[in-house]
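**Student:** Can you keep this structure in mind? I'll have questions shortly.
The values are calculated or read from the model by the stated rules, or taken from the named source; none is laboratory data. These numbers come from a predicted model, not from an experiment. Note that each Cβ is placed from the backbone with ideal geometry, even for glycine, and that neighbours are counted across all protein chains shown.
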Amino acid sequence: MSFEVSPELYDLLVGRYGARLAAELIGAAGVAAGDRALDVGCGPGALTRALVEALGSGCVTAIEPSQSFAAACAERVPDAEVLVGSAEELPFEDGSFDIVLSQLVINFMADAAQGVGEMARVARRTVASCVWDYGGSMTALRAFWDGALELDPTAPDEALTMRHCREGELGDLFDRCGLREVEFGSLLVEAHYAGMDDYWAPFPHGVGPSGAYCTSLPPERQAELREAVHRRLGSPPGPFTLAARAWYATGTV
């Protein structure tokens, strides 16, 4: 339940990359005028908003298991239909959408293969997804886990706990789920931070796996972790920008 938090806190963690990443994923997926699109695991709505901007009102549906995130998406993107539900049991008829997308969701599905299978079932043409490169160039989270491992070699590094976060792994999953003409590659985005306080703000509130780990520590250990992560970021004295890479895959049904 590490995503049953306020959408504003999510915005401070990875949500600040969301709009740029959505634009890149939409381009890679070949979203076209006239498409009906489904956003699976929409979160607070970054991809949903970008799809509405590309396709118009009435062309986009979104579904999200977190009540708070679904409510935020509905409020932020009133021109989309937003439902509460899981990727593994999509409440739609076969072939209901031209294109079905998910952004930063695959690794949080209870059953990724079933979730992708459901995405393929309700798609008429294309399925597209992206996941963070946790082990490499998602700098904000890589610095966090490197700092955590410096202090605690048993820290649950997402590069090890996430099954589909290395190059080609998402494409392999799409292949196993029966999608055809599978293509995969990388999407590069960046985000600006006002300073270390801005970067660190979401972690002590338990957002995502990194936040859950942070809040499991007593206050003095959290302070030590903050300093270790600051060093991993290069000890910036003021504002800074971090790059992030996501791996994507697309496939036809």
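**Student:** Kindly indicate which of Val207, Val229, Val182, Val189 is modelled with pLDDT under 95 and among the aliphatic types (A, V, I, L, M).
**Tutor:** Val207
**Student:** From the set of residues in segment 1-49 that are of a type in the set (Phe, Trp, Tyr) and modelled with pLDDT under 95, which is surrounded by the fewest Cβ atoms within 10 Å (Cβ to Cβ)?
**Tutor:** Phe3
**Student:** Then there is this: Restricted to segment 140-191, and to residues that are in contact with a strand residue (DSSP E or B) (Cβ under 7 Å, 6 or more places away or on another chain) and of a type in the set (Gly, Ala, Ser), which residue is nearest to Phe203 (Cα to Cα)? Write out each step before concluding.
**Tutor:** Let us first name the residues in segment 140-191 that are in contact with a strand residue (DSSP E or B) (Cβ under 7 Å, 6 or more places away or on another chain), namely 140-141, 164-165, 167-168, 170-171, 174-175, 179-191.
So of that shortlist, the ones also of a type in the set (Gly, Ala, Ser) come out as 140, 168, 171, 185-186, 191.
Numbers: Ala140: 11, Gly168: 29, Gly171: 31, Gly185: 29, Ser186: 26, Ala191: 17 Å.
The qualifying residue nearest to Phe203 (Cα to Cα) is Ala140.
**Student:** Filter segment 25-80 for residues that are in contact with a Ser or Thr (Cβ under 6 Å, 6 or more places away or on another chain) and polar (S, T, N, Q) and give the result.
**Tutor:** Scanning segment 25-80 gives no hits.
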